[in-house]
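Remarks on the structure that follows.
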Amino acid sequence: MTGDASAEAGGFPRQVVGSAALLTVTMVAEAIARASGWGQWTGGGALVFTGEFLVGVVTTIPFLVGIGYVGYRLPEGDLDPERYPRVRRWFVGSAVASAVFNLVLIAVIGTTSVGMFVAWVRWSAAVGAGIGLAVGLSEAKAIQRSVDAARAEFRAEHAASQRDFLDYLNGLLRHEILNATQVISGNAEVLRNDHDPGTAAHDRGTTIYRQSQDVTEVIQNVRELLHATWTEKPLESVDAASVLRAQIETADSRYDEATFEADVPERALVEANPLLGRVFGNLLANAVEHSDGPVSVSVTMAVADDEVSVRVADDGPGVPQGEVSDLFDRPDTLAVDHGIGLYLSAKLVEQYRGTIDLAENGGDGAVFRVRLPRATDDTAVDPAEPRDPDITPATPLGSVDRSGSPTAPSDGHRRTD
């Protein structure tokens, strides 16, 4: 909100409350003057509180209470402060118009005293201001509803256009770029196998194969990120325990330098979809790939009444403090791995209405924690069942270790950019 808009947001409601207070003080002053028996004020009559005065007071009080209440509650309402100037024009304009109209009547009909004149003007201003405030608010809210509806329609059209573009981009990644990287990977593997280890051709083939597999994995993650972000797929019951065990087996076969310990129940149903394996796979790979040497990874799953929690702990160096604050944010650099592993995990967990966080961190390791709503449906989706035909299986293509030999597939991605 700009400075002018902020001032407007607080200024107009205070003006409304102040107007109600001023009119109230005026009415009280009239009553005091009448009670004092000031002859000129009452016109010399014996009856201080005339019927006209009392009727004016009774009919003015509801308008003053309404004006003051609206002014007090206006900042807490849903009316955009940009609409306040329009309401103010109705508020002031109606009060002035009512007062001018009644002044004309006074000039024509006349009054019996100064007190009658003041009471009449005060009554006309209060009634006019109250009516104008009500009309102005009604009109402003109607305009705001119309504007909000137009904005919502525009956002919906823009989202549909974006979704169409991302569908095209997803297909382009799948049919053009992904196929090309697989061709490169296949030819690199042939080149490597046709030459003895240690030769220049074998080493170059290994380098090409490794880089093409890295690019393939990035493409897979990008496609699944697009899918998770723009596809409104209903959640279903998934056996998280079975998914987690499969990901641990995959990581154990891939990382010779890592030792995995698991405490996983036989069954744990959560509300998710078949992309859940990406969440666990990325956390397991993250625990290993950022350790300087051999690492021990402990995986624990606990089932509570309303949630299933998973803790992935490692004894590595931990997460650098400078990276903790934006650990799950969208990366904005062009590193080789694009740093999208944890970002993808966070987006998926958000889609599952769960939470993911760095529960513990220090020089002796890090602990990542995932909490997912527990499912009540006892019919769980088999994690091995095919997913959306536009998304490749949960295990991406393998990579190459330092010796140049292909390794088992992995869901992992690095934590940093």
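A short reminder: the numbers here are calculations on the coordinates, not readings from a lab. Quick caveat, the model's predicted, so the values are computed rather than measured. Note that each Cβ is placed from the backbone with ideal geometry, even for glycine, and that neighbours are counted across all protein chains shown.
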Length released on extending from E139 to A201, taking residue separation times 0.36 nm less the Cα-Cα span: 14.6 nm
With a 10 Å Cβ neighbour count serving as the proxy for reagent exposure, in which order, fewest first, do F328, F53 appear? F328, F53
Once both label points are put 7 Å beyond Cα along the C-beta direction, the R151-I106 separation in nm becomes 4.4 nm
Taking N as the number of residues in region 104-162, what is its alpha-carbon radius of gyration divided by 2.2 N^0.38 Å? 2.22
Less than 15 Å Cβ to Cβ from T59, Lys/Arg counted +1 and Asp/Glu -1: what total charge do the surrounding residues give? -1
Can you give the Kirkwood hydrodynamic radius for region 3-155, in Å, rounded to one decimal and based on Cα pairs? 17.0 Å
Send over the semi-axes of region 234-373's equivalent ellipsoid, whole angstrom and largest first, taken as the square roots of 5 times the C-alpha gyration tensor eigenvalues. 23, 18, 14
Over 18 Å [Cα-Cα, region 58-100], rounded percent: 37 percent
Pull up all non-local amide H partners of S296: gap of 5 or more, or a different chain, and H-to-H distance under 5 Å with H placed in the peptide plane. T259, D315
For region 171-215, taking Cα atoms only, what is the radius of gyration to one decimal and the Dmax to the nearest whole Å? 11.6, 39
If a paramagnetic tag sat 7 Å from the Cα of R14 along the Cα-Cβ line, which residues of region 63-90 would have the backbone N under 16 Å from that point? 71-76
Sorted by Cβ density within 10 Å, fewest first, the residues S237, S161: S161, S237
